[in-house]
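Report on one structure; see the data block that follows.
Computed from the coordinates by the stated procedures, all read-outs in this text should not be read as laboratory data. The structure displayed is predicted, hence computed values, not measured ones. Reconstructed Cβ throughout: ideal geometry from the backbone, glycine too, with neighbour counts over all protein chains shown.
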Amino acid sequence: MAETLEQIAVRRSPLNETHARLGATMIEQDGWSVPASYGDVLFEYAAVREDGAGVIDLSARGRILVSGSEAVPFLNGLITNDMKTLAENTWMPAAFPNVQGRLIASVRVIRLQDEGAGTNVNPTFLIDTGPATHERVLKTIERLTLAGDFHVSDITNQTALLSVQGKKAAGVVRSVLGEEAVSLAANGAIQTSGPNGRATDLVTVFRATHTAADGFDLIVNSTEAGATWDALNNAAARPVGYDALEILRIEAGLPRYGVDMDDTNVITETTLDDAVSYTKGCYVGQEIIARIKYRGHVAKKLSGLACEQAVKVEANAIIKSLDDKDIGRLTSKTYSPHLGRTIALGYLKYDYLTPGTGVKISAGDEEFAAQVTDLPFVRKTAP
């Protein structure tokens with residue numbers, strides 16, 4: 001009985017049957033069944049990092065619509081970035097802080113096409129967040145829905161999120177969705193017809209990277225997920241699982257909630273600097289976040305660490321200075337095929353954040369030399 005309840009609790013993507021057909025090895029992550037690999041992690045990795053394109057099922061991420069005439073001030077009071085500056089058909093990063101300025105969730109906010117005009121405009125925002133923070137964001141928003149003219153709808157179960165990443169991502173998306181879908185700026189978004197060309201099969205496309213390569217995220221109706229995946233696959237996008245994605249994520253210097261950051265971190269300790277506006281005015285936690293910026297600095301910050309070669313280290317390993325002081329800990333680590341060495345993310349005390357600073361990583365009875373490194377480890381390819 002307990003096993004049955006556990007199986008029921010694990011959520012599955014609308015593409016679950018597609019992954020099974022492709023022979024994917026499935027794992028559980030953040031309460032979802034997700035594809036770890038389709039048979040060869042290095043080939044999947046290379047499709048994105050080298051000269052190809054990969055397609056990744058990110059349907060486990062949460063997707064929440066917020067609309068209404070008061071949606072802008074409503075969201076502005078809850079998140080760190082400035083919704084007043086977000087134009088239609090664009091997106092921006094943001095964070096939900098608590099009253100102590102600590103991180104509830106990292107999100108992407110897309111402003112879709114407004115309804116109405118002038119004083120009667122009704123904006124619609126699509127909030128995208130990681131699977132570990134989906135319920136947190138939903139609860140934070142829903143508890144305030146009776147306070148004004150804004151409406152909240154969780155569309156996670158009705159949609160799927162497919163991401164195309166790599167140097168040839170634009171070519172793949174162009175062949176499936178047309179030129180309009182790939183003419184987006186770095187923070188652009190658009191709603192367009194799906195692969196079947198039917199207006200009822202609208203696809204929300206926004207240009208975004210999860211890998212430090214060019215990329216496009218596609219949100220489609222769950223009933224169209226399989227057909228869209230197949231169309232992208234037939235256009236030469238290789239299926240990429242979460243094992244390869246983890247390598248690509250760390251190379252891109254992107255923190256993952258529950259691994260590299262959580263609600264013990266003040267937002268400015270993470271790498272979410274672009275998610276914070278210091279000019280928008282009051283929001284939950286704003287006083288703490290602003291005080292740190294204008295009156296001092298954080299005691300520690302998430303940073304990159306590069307070893308001289310491939311070494312075996314574990315997450316939560318202690319980072320030491322060259323004179324043997326404990327100065328931080330690792331959060332994520334991987335071997336980077338592109339760089340030919342072990343790389344890691346970790347929190348370092350403020351005095352050791354300068355790129356090029358030599359440190360040591362403890363691994364049992366061994367210590368490995370490493371250097372503090374600017375993030376990302378791999379720079380984004382030009383669109």
For T80, residues with placed amide H under 5 Å, excluding near neighbours: A95
Contour minus Cα-Cα distance for E115 and A310 (0.36 nm per residue): 64.8 nm
Stretch gain in nm, segment V99-N233, where the contour uses 0.36 nm per residue and the Cα spacing is subtracted: 43.8 nm
Electrostatic dipole magnitude of the chain [Cβ: Lys, Arg +1; Asp, Glu -1; Cα centre; debye, to 20]: 680 debye
Residue-span extension gain [R379 to Y335] - 0.36 nm each, minus C-alpha spacing: 14.2 nm
Calculated from backbone phi, Karplus (6.51, -1.76, 1.60) coupling profile of the range 107-118 in Hz, x at Gly/Pro: 9, 10, 10, 9, 8, 7, 5, 5, 9, x, 7, x
Other-chain or far-sequence residues with amide H under 5 Å of T331's (modelled H): N316, L345, G346, Y347
Reported label for calculated Rg and Dmax of the Cα atoms in Å given [x] 21.1, 67; [y] 21.9, 72; [z] 20.1, 63: [x]
Extreme residue, positive dipole direction of the chain, given options T145, Y294, A117 (C-beta unit charges): Y294
Whichever aspartates and glutamates have a C-alpha closer than 18 Å to that of K312, once near sequence neighbours (fewer than 8 apart) are set aside: D243, E246, E251, D365, E366, E367
Listed residue (Q158, A213, P195) projecting farthest to the positive dipole end of the range 156-213, Cβ model: A213
Anisotropy class of the range 267-373 from Cα gyration tensor, a/c 1.5 cut: prolate
Per-residue [θ]222 nm for the chain (sum of -39500 (n - 2.57) over DSSP H runs n ≥ 4, rounded to 500): -5500 deg cm²/dmol
